[in-house]
Amino acid sequence: MIRRPPRSTLSSSSAASDVYKRQTILTATLPATSERAAVSLAELGYKAVGIDEGWEGCGLGVNSTHHAADGQPIVNASRFDDLGSLVEYGHSKGLEMGWYLNGCMCPETVENSVFYSGDIKSLLGYGFDQVKFDNCGAELNMTRYASLLEGAGSAGTMIENCHWGQCGPVKGDPDGSGCPTLEWCPFNMYRTSIDISSDFTSWLHNLQTLLKFQSLQAPLSVPGCWAYPDMLQVGMVQGGWNWNRAHFGAWAVTSSPLILGADLRNSTLLADILPVISNQEAISVNQAWAGHPGRLVVGTGPEPQEQQLNVVYCPTDPDSPDPDPQQVGWVAPGSGTVGLVRAPGNGCLANDAMVPVVTLDCNQSDPLQLWQYNASSHVLSQPKTSGAGQLCLGYSSWGWWLGIWPVDSQCDGGTQPDPSRQFVFHPNKTLTLTNNSFPAARRCIRASVVPNTGSPVQVWAKPLPNKAVALFGLNSGMYSTGDMQLELSFELLGLDARLAKVRDVWQHADNGTVGERIDITIPALDSVFLVLTPTNSSDLHKHVEDSHILRSPSGVDIL
């Protein structure tokens, strides 16, 4: 059993090579100046290096696959001339080595039992200690992979299920689910989200995907089966150093695996992020277990005036009479006419600085709310306005992000419009992506007042040994750029105490004692990370005399 959230380094660069990985291994084992001393990343606990996409010999196998006739995957020798030697090199440096299978660079399209057994044979033959199974190819049965490892005497191999948080059968296979149950988890960590990026809100979006696995009474993220919202982007996230630190803190307080996604060969970047990723107090919170992985206890702050559009998996057939209510209400203007697009919640689709939103103030005279829909080409576009060209609605190639693009040959209603510019309005008033092939299959458009990044101000809490509690608060600065002040009761945080000592994780400082509640101030694009430890009631008299009980300043949210 993997009793603690894993820690490692991983590059998803498609340009990765044997030389690249050897340099990464060397960087991970060489001393670096942390907050405390000159230690290596391996000594800090990042003891594994993963090979992600880029090793595949695409088209070199049978029937243009990357598997040989015996089922074993073929390696691109121009990038990795000897995987076994690379693994041995990592082991010689005291590291574990991880591999990547069922990937996306050239995914297999037909499930083949020989490929399952061949994958495991090669995995063990090269000597890998860990493996990530992605969601792109046809080999999706996690139970089969785990059983093959167990049958080969390698049940201790660490397994990541990277099926993007899709619960239930995937492509018809119930054992292809990306989500565990209380009775089923043939893997050690599981991706809860789509791929992360360095975008300002990407990590915040992925953080929210943990919520459904954090039941207070029966969480599904537990020792040996950890929920994972994708690799850390620390050092690369837009928004500044404090916002990057907040990203690390959010992963720490939710018991998420700490997998470094940065290019560690970049010495400038590594020096910048080392004070964050080497913070032993934050890492200790991440690694501790006292019955729960950490949960959201407060979501507050100014609400957006517009509904946000989220691309989600359709929970049922889009033509079902009982879809998600937040997906129901889409009505196109008549074919060939210009008019409003009605949306869920009695709103209308609008163009807000090239971002599609739903406004609740429908206005036929507002040119940013006017659209025309071509029912033949399935293109939804805005008519030309003075000084501007025509625009159309579209989505990213992976089908997760909506946007508005200038009309070109691919989205002008021509004979072959780009599938990523096509939408279908269904009779039950749902709106879906037209492209029903991988990776954009079965996606619906949902309008929600609460954005997919969650509330702009969030507080998370995690129980720790000795009845202590970790408190993590973040302020994304969305809809308001000011500081946010909150008063939090011990009861809300799950802290069973009258008094508690306060430890600031970011500052490595003791902040006195508080009683029954604590006040925190979170600047925009920043976070607060504290550990509250119960103290003896005999300290109460001295505590009051010293006036350390924090009182609520005027105007704060009382929670």
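The values are calculated or read from the model by the stated rules, or taken from the named source; none is laboratory data. Predicted model only: the values in this text are computed from it and were never measured. Don't worry about glycine lacking a Cβ; one is built from the backbone with ideal geometry, like all the others, and counts go over all protein chains shown. The area values use the complete protein model at the heavy-atom level, side chains included, leaving out ligands, DNA and RNA. Shrake-Rupley method; radii C 1.70, N 1.55, O 1.52, S 1.80 Å.
Straight distance only, please: which lysines reach the Cα of K47 with their own Cα at less than 29 Å, same-chain residues fewer than 8 apart left out?
Leaving aside lysines fewer than 8 places away in the same chain, those within reach of K47 are K21, K93, K121, K132, K462.
Tell me the mean residue ellipticity at 222 nm calculated for the chain from its helices only (DSSP H runs of n ≥ 4, each -39500 (n - 2.57), averaged over every residue, nearest 500). Numbers along the way, then the final one.
Working: 10 runs with 95 residues, N = 559.
-5000 deg cm²/dmol, from helical runs alone.
In whole percent, how big is the carbon plus sulfur part of the accessible area of the chain, probe 1.4 Å, protein atoms only? Provide the component values of the computation, followed by the final result.
Values: 11390 of 22890 Å².
That share works out to 50 percent.
Read through the labelled values [x] 77, 65, 45; [y] 116, 95, 44; [z] 82, 60, 48 and report the label of the one computed as Cα extents along the principal axes in Å from the structure.
[x]
For the stretch 1-157, with equal point scatterers placed on the C-alpha atoms only and solvent neglected, what are the log10 I(q)/I(0) values from the Debye formula at q = 0.14, 0.16, 0.17 1/Å, to two decimals?
After summing over all Cα pairs, the log10 values are -0.70, -0.90, -1.00.
Averaged per residue, what accessible area in Å² does the stretch 101-180 show with a 1.4 Å probe, protein chains only?
Values: 2790 Å² over 80 residues.
Accessible area per residue: 35 Å².
Could you tell me how far the Cα centroid of the stretch 105-159 sits from the Cα centroid of the stretch 507-521, in Å?
Between the Cα centre of the stretch 507-521 and that of the stretch 105-159, the gap is 48 Å.
Please figure out what share of the DSSP beta bridges in the stretch 100-247 is antiparallel and state it in percent, rounded to the nearest 5.
Around 15 percent of the beta bridges assigned by DSSP in the stretch 100-247 are antiparallel ones.
Can you say what percent of the DSSP beta bridges in the chain, counting only those with both residues inside, are antiparallel? Round to 5.
Working: 75 of 100 bridges.
Of all bridge pairs located within the chain, approximately 75 percent are antiparallel.
Cβ under 15 Å from V110's Cβ, V110 left aside: what net charge do those residues give with Lys, Arg +1 and Asp, Glu -1? Each step should come with its number before you reach the end.
Working: positive: K171; negative: E108, E111, D119, E139, D173.
Taking every other residue near V110 into account, the sum is -4.
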